[in-house]
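Colleague: One structure follows; several queries about it will come next.
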Amino acid sequence: MKQMDLDFLDLNSFLTNEERVLRDTVQGFVTQKVLPTIEEHYQNGTFPAHLIREMGELGFLGANLKGYGCADVSPLAYGLLSQELEAGDAGIRSFVSVQSSLAMYAIHTFGNEEQRQQWLPPMAKGEKIGCFGLTEPDFGSNPSGMRTRAEKTGRGYVLHGAKMWITNGSIADVAVVWAKLDGVIRGFLVEKGTPGFKTQEMKQKHSFRASNTSELLFDRCEIPKENLLSKTDGLLSPLSCLNQGRFGVAWGALGAATVCYNVAKDYALSRKQFNDRPIASHQLVQEKLAEMLTEITKAQLLSLRVTQLKTEGKAQHVHISMMKMNNTQMALHVARTARFILGGSGIMSEYPVMRHMCNLETTVTYEGTNDIQKLILGKEITGIQAFY
Amino acid sequence: MNIVVCMKQVPDTETKIRLKEGNGGIQTDGVKWIINPYCEFAVEEALRIRERNGGQGTVTLVCMGPDRAVESIRTALAMGVDKAIHLNDPLFEGSDNFGVAKILARAIQTIPHDIILCGKQAVDDDASQVPQILAEQLNIPHVMVVEKMEVDVANKKVTTSRRIEGGAKEVLEVPLPAVFGADKGMNEPRYASLPGIMKAKSKEVKKVTAADLGLKPEEIGVAAAKVKIQAYSLPPERQAGKKIEGGDPAQVAHELAKWLREEARVI
């Protein structure tokens with residue numbers, strides 16, 4: 001557990017008792033259930049699906065939501081949950097993020113009562129798995145150009161198109177799929193096994209190896225009219241889900257960075273070179289550790305403040321973009337530096353550092369690349385949109 | 001069935017212990033505090049006994065400690081304990097095991113109790129005395145180092161199983177009320193679930209002082225302690241391992257045997 005803790009500015013004193021207890025629970029779960037097998041799953045390219053039900057029982061799924069068997073924890077508690085899960089592995093955190101902030105949030109926000117009753121309680125328990133299909137092979141940063149379309153029929157809708165880079169895709173029981181209906185982006189629920197709906201897991205990844213990433217294919221896939229998320233209306237609907245998702249991604253990056261820093265610090269203190277002295281006594285190593293500690297602490301401060309704003313209902317999407325961009329970029333930098341401090345050992349699975357480093361290549365990319373986050377900020381600063 | 005669990009908050013087992021200047025005891029700054037692992041078995045067992053009993057009964061936590069103990073109390077409430085009594089008074093500080101048991105006994109006398117579960121020992125001072133003294137104070141039986149408990153609610157008795165020397169098991173039957181000291185292996189404590197944590201927010205934690213229990217300052221704390229701590233010292237630093245060099249296995253074995261006999265004196 002020690003490797004998951006870093007609190008240079010006593011920010012823990014901002015946590016409520018409940019938030020502390022919650023963090024202990026997640027740290028305990030990660031230490032006992034995730035860490036013992038995560039390297040094996042990562043090496044084999046498999047997602048540890050046996051953890052899903054247990055995470056459901058512990059209330060990790062949809063924890064940010066109210067009602068329907070969800071825990072309704074504070075935004076800070078949700079952030080800490082993400083942080084500690086990613087201290088285990090970004091693949092686990094991502095499963096929870098996608099289930100909670102994307103799939104369940106979409107159904108909770110844009111679904112009708114019947115849809116919520118049908119899906120949210122079993123999804124909170126981990127009995128049903130959700131995924132979120134927005135990105136397409138040719139439309140990543142530019143989702144408004146999506147080609148997937150829905151056509152109205154007598155009984156419901158027919159979907160045509162393809163989605164790519166979908167976390168949980170081939171293990172999901174329900175996909176929240178975004179498609180254009182009469183030119184307007186709307187959300188649809190597509191159940192596993194619906195004729196015309198196929199999934200294909202994307203293998204051969206160098207990152208997020210302990211996570212399921214899939215393609216979703218819709219070939220004249222007919223769904224009943226009840227499966228439209230009727231409150232969805234245009235691109236802003238999926239973007240509001242991403243805003244929730246990015247918040248968890250940003251907190252998760254703090255967990256990965258913290259572990260990398262602590263591992264590098266411990267390694268530097270025990271590894272001896274030149275006259276039997278620890279490499280931590282070398283100025284170039286100390287400079288790296290000092291910078292890592294400072295950067296993580298700054299990111300903690302940013303995260304805490306954005307989370308306070310979110311709690312007060314004042315967080316804007318630009319705040320979350322800044323936090324997502326800063327934290328993932330910082331974490332990737334910290335992970336690479338830690339990898340360097342570990343020398344040759346840094347590339348081995350004996351240490352978690354390179355696994356985190358490779359995972360962070362994904363987190364700087366997905367749910368809006370860091371370039372896009374910067375352009376969102378650029379638009380806020382200048383009033384000029386540079387992506388169109 | 002009224003179940004009472006006595007819980008102690010202790011430093012995390014991963015804590016690197018440092019001493020205060022002089023003879024002031026252990027440096028507590030920066031220490032992470034947790035539920036004593038044996039007390040965690042007791043909490044879990046209490047919850048399971050209630051679950052096996054169709055959810056009938058009340059589980060009350062009794063914890064003596066300063067303000068910081070609230071965090072551990074909240075953890076137990078989040079695991080499923082119904083309510084808690086927090087024995088929190090500066091006058092309690094410095095109590096020895098006898099004093100702690102006396103304070104706990106006073107508190108427990110104020111509430112209904114059939115089963116009293118404790119950890120068999122706390123991992124900080126490892127004294128393993130409070131449960132037994134507590135039972136004496138309450139004038140009821142106790143069983144220590146309990147691995148398994150079977151509660152017969154109708155007949156108000158408990159059958160316990162514990163390991164004894166030689167690898168044998170001892171089975172005892174005890175009438176209630178009684179005190180039980182939980183051992184490792186009794187169960188695997190659950191995590192506090194997120195809904196449990198949220199639910200615990202509204203559970204009652206009653207703060208109780210010495211005056212509330214009718215205890216006078218001279219009866220408790222350092223003043224009444226029968227055990228005086230003379231000094232604190234850290235265990236000696238671990239010596240570096242010894243390496244016996246040399247290419248010839250027979251010679252190395254000879255050196256090792258000589259060292260084991262003459263230096264380590266184990267053979």
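The values are calculated or read from the model by the stated rules, or taken from the named source; none is laboratory data. Since the model is a prediction, treat every value here as computed from it, not as a measurement. All Cβ positions, glycine included, derive from the backbone under ideal geometry; neighbour counts span all protein chains shown. Ligands, DNA and RNA are excluded from the accessible area calculation, which covers all protein heavy atoms including side chains. Shrake-Rupley method; radii C 1.70, N 1.55, O 1.52, S 1.80 Å.
Colleague: Could you check segment A:303-346 and list, in sequence order, the residues that are among the small types (Gly, Ala, Ser) and either at pLDDT below 95 or open to solvent by less than 50 Å² (accessible area, probe 1.4 Å) (or both)?
Modeller: A:SER303, A:ALA315, A:SER321, A:ALA331, A:ALA335, A:ALA338, A:GLY343, A:SER345, A:GLY346
Colleague: Being in contact (Cβ under 8 Å) with a residue 60 or more places away in the chain, in contact with a Leu (Cβ under 6 Å, 6 or more places away or on another chain) and among the charged types (D, E, K, R), is that true of even one residue in segment A:312-327?
Modeller: The answer is no; no qualifying residue exists.
Colleague: Answer yes or no: is there a residue in segment A:250-263 that is open to solvent by less than 30 Å² (accessible area, probe 1.4 Å), more than 23 Å from A:LYS324 (Cα to Cα) and not assigned by TED's automatic domain parsing to the domain that holds A:ALA331.
Modeller: The answer is no, given that none of the residues of segment A:250-263 is open to solvent by less than 30 Å² (accessible area, probe 1.4 Å), more than 23 Å from A:LYS324 (Cα to Cα) and not assigned by TED's automatic domain parsing to the domain that holds A:ALA331.
Colleague: Please enumerate the residues belonging to segment A:156-176 that are crowded, with 23+ Cβ neighbours inside 10 Å, small (Gly, Ala, Ser) and part of a strand (DSSP E or B).
Modeller: Scanning segment A:156-176 gives a single hit, A:ALA175.
Colleague: Name the pairs whose Cβ atoms lie under 9 Å apart, with the first residue in segment B:120-131 and of a type in the set (Asp, Glu), the second part of a loop (DSSP other than H, G, I, E, B) and open to solvent by 30 Å² or more (accessible area, probe 1.4 Å), and 6 or more positions between them or separate chains?
Modeller: B:ASP124/B:LYS8
Colleague: Follow-up. Just give me the residues in segment B:4-13 being within 14 Å of chain A (Cβ to nearest Cβ) and open to solvent by 50 Å² or more (accessible area, probe 1.4 Å), in sequence order.
Modeller: B:THR13 - this is the single residue of segment B:4-13 that is within 14 Å of chain A (Cβ to nearest Cβ) and open to solvent by 50 Å² or more (accessible area, probe 1.4 Å).
Colleague: Any chance segment B:95-102 includes a residue that's under 21 Å from A:THR16 (Cα atoms), in contact with a helix residue (DSSP H, G or I) (Cβ under 7 Å, 6 or more places away or on another chain) and modelled with pLDDT under 95?
Modeller: Scanning segment B:95-102 turns up no residue that is under 21 Å from A:THR16 (Cα atoms), in contact with a helix residue (DSSP H, G or I) (Cβ under 7 Å, 6 or more places away or on another chain) and modelled with pLDDT under 95.
Colleague: How about segment B:14-40: which of its residues are among the β-branched types (Val, Ile, Thr) and either within 17 Å of B:ALA69 (Cβ to Cβ) or open to solvent by less than 40 Å² (accessible area, probe 1.4 Å) (or both)?
Modeller: B:THR15, B:ILE26, B:THR28, B:VAL31, B:ILE34, B:ILE35
Colleague: Okay, next question. List the number of the failed condition for B:ARG106; all other conditions in (1) more than 14 Å from chain A (Cβ to nearest Cβ); (2) more than 14 Å from B:CYS39 (Cα to Cα); (3) free of Cβ contacts under 8 Å to residues at least 60 places away in the same chain hold.
Modeller: Of (1) more than 14 Å from chain A (Cβ to nearest Cβ); (2) more than 14 Å from B:CYS39 (Cα to Cα); (3) free of Cβ contacts under 8 Å to residues at least 60 places away in the same chain, only one is false for B:ARG106: (3).
Colleague: Tell me which residues, restricted to segment A:50-83, are open to solvent by less than 50 Å² (accessible area, probe 1.4 Å) and more than 12 Å from chain B (Cβ to nearest Cβ).
Modeller: A:LEU51, A:ILE52, A:PRO75, A:LEU76, A:GLY79, A:SER82, A:GLN83
Colleague: Quickly run through segment A:266-287 and pick out the residues that are assigned to a helix (DSSP H, G or I), farther than 12 Å from A:LEU342 by Cα and not hydrophobic (A, V, I, L, M, F, W, C).
Modeller: A:SER281, A:GLN283, A:GLN286, A:GLU287
Colleague: Also, I was wondering about something else. I need a count of the residues in segment B:130-161 that are surrounded by fewer than 18 Cβ atoms within 10 Å (Cβ to Cβ) and touching a helix residue (DSSP H, G or I) at 6+ places or on another chain (Cβ under 7 Å).
Modeller: Qualifying residue count for the region: 1.
Colleague: Still on this model: Between B:PRO217, B:PRO195, which is more than 22 Å from the chain's Cα centre (by Cα) and away from chain A (no Cβ under 12 Å)?
Modeller: After ruling out the rest, the residue left standing is B:PRO217.
Colleague: Further question on the same structure: Checking the structure you have, find out if any residue of segment A:135-144 is part of a helix (DSSP H, G or I) and either at pLDDT 95 or above or surrounded by fewer than 21 Cβ atoms within 10 Å (Cβ to Cβ) (or both).
Modeller: yes
Colleague: Same structure again: Restricting to segment A:177-214, count the residues that are touching a residue at least 60 places away in the same chain (Cβ under 8 Å) and in a strand (DSSP E or B).
Modeller: Total satisfying the criteria: 4.
Colleague: Another question about this same structure. Could you give me the residue pairs with C-beta distances under 7 Å whose first residue belongs to segment A:1-21 and is facing chain B (nearest Cβ under 9 Å) and under 19 Å from A:LEU293 (Cα atoms), whose second residue is assigned to a helix (DSSP H, G or I) and open to solvent by 40 Å² or more (accessible area, probe 1.4 Å) wherever it lies, and which are 6+ apart or on separate chains?
Modeller: Between residues of segment A:1-21 that are facing chain B (nearest Cβ under 9 Å) and under 19 Å from A:LEU293 (Cα atoms) and residues that are assigned to a helix (DSSP H, G or I) and open to solvent by 40 Å² or more (accessible area, probe 1.4 Å), the close pairs are A:MET1/A:THR31.
Colleague: Kindly establish whether A:HIS50 is out of contact with any Cys (no Cβ under 7 Å at 6 or more places or on another chain), closer than 26 Å to A:MET104 by Cβ and in contact (Cβ under 8 Å) with a residue 12 or more places away in the chain.
Modeller: No, not satisfied.
Colleague: Continuing with the same structure: Could you please give the count of residues in segment B:135-147 that are under 17 Å from the mean Cα position of the chain (by Cα), more than 13 Å from B:GLY119 (Cα to Cα) and of a type outside the set (A, V, I, L, M, F, W, C)?
Modeller: The qualifying residues number 0.
Colleague: Taking B:ILE85 as the residue in question, decide whether it is open to solvent by less than 20 Å² (accessible area, probe 1.4 Å), touching a residue at least 40 places away in the same chain (Cβ under 8 Å) and more than 20 Å from B:PRO11 (Cβ to Cβ).
Modeller: yes
Colleague: Please enumerate the residues belonging to segment A:347-362 that are closer than 29 Å to A:PRO75 by Cα, surrounded by fewer than 21 Cβ atoms within 10 Å (Cβ to Cβ) and not acidic (Asp, Glu).
Modeller: A:CYS358
Colleague: Output the number of residues of segment A:35-49 satisfying the condition of being closer than 25 Å to A:ALA299 by Cα and either facing chain B (nearest Cβ under 10 Å) or open to solvent by less than 20 Å² (accessible area, probe 1.4 Å) (or both).
Modeller: Of the residues in that region, 0 qualify.
Colleague: Just for segment B:171-192: of the residues that are part of a strand (DSSP E or B) and under 14 Å from the mean Cα position of the chain (by Cα), which one is farthest from the other protein chains (Cβ to nearest Cβ)?
Modeller: B:VAL179
Colleague: Would you please name the residue that is farthest from B:GLU255 (Cα to Cα), looking only at residues in segment B:204-244 that are small (Gly, Ala, Ser) and surrounded by 13 or more Cβ atoms within 10 Å (Cβ to Cβ)?
Modeller: The selected residue is B:ALA210.
Colleague: Does B:VAL59 count as away from chain A (no Cβ under 14 Å), in contact with an Asp or Glu (Cβ under 8 Å, 6 or more places away or on another chain) and among the aliphatic types (A, V, I, L, M)?
Modeller: For B:VAL59, the condition - away from chain A (no Cβ under 14 Å), in contact with an Asp or Glu (Cβ under 8 Å, 6 or more places away or on another chain) and among the aliphatic types (A, V, I, L, M) - is met.
Colleague: What number of residues within segment B:181-197 satisfy the criterion of being open to solvent by 20 Å² or more (accessible area, probe 1.4 Å) and either touching a Leu at 6+ places or on another chain (Cβ under 8 Å) or aromatic (Phe, Trp, Tyr) (or both)?
Modeller: Qualifying residue count, segment B:181-197: 3.
Colleague: Checking the conditions here, which among A:GLU40, A:GLU84 is without any contact (Cβ under 8 Å) to a residue 40 or more places away in the chain, of a type outside the set (Ser, Thr, Tyr) and at negative phi?
Modeller: Only one candidate qualifies: A:GLU40.
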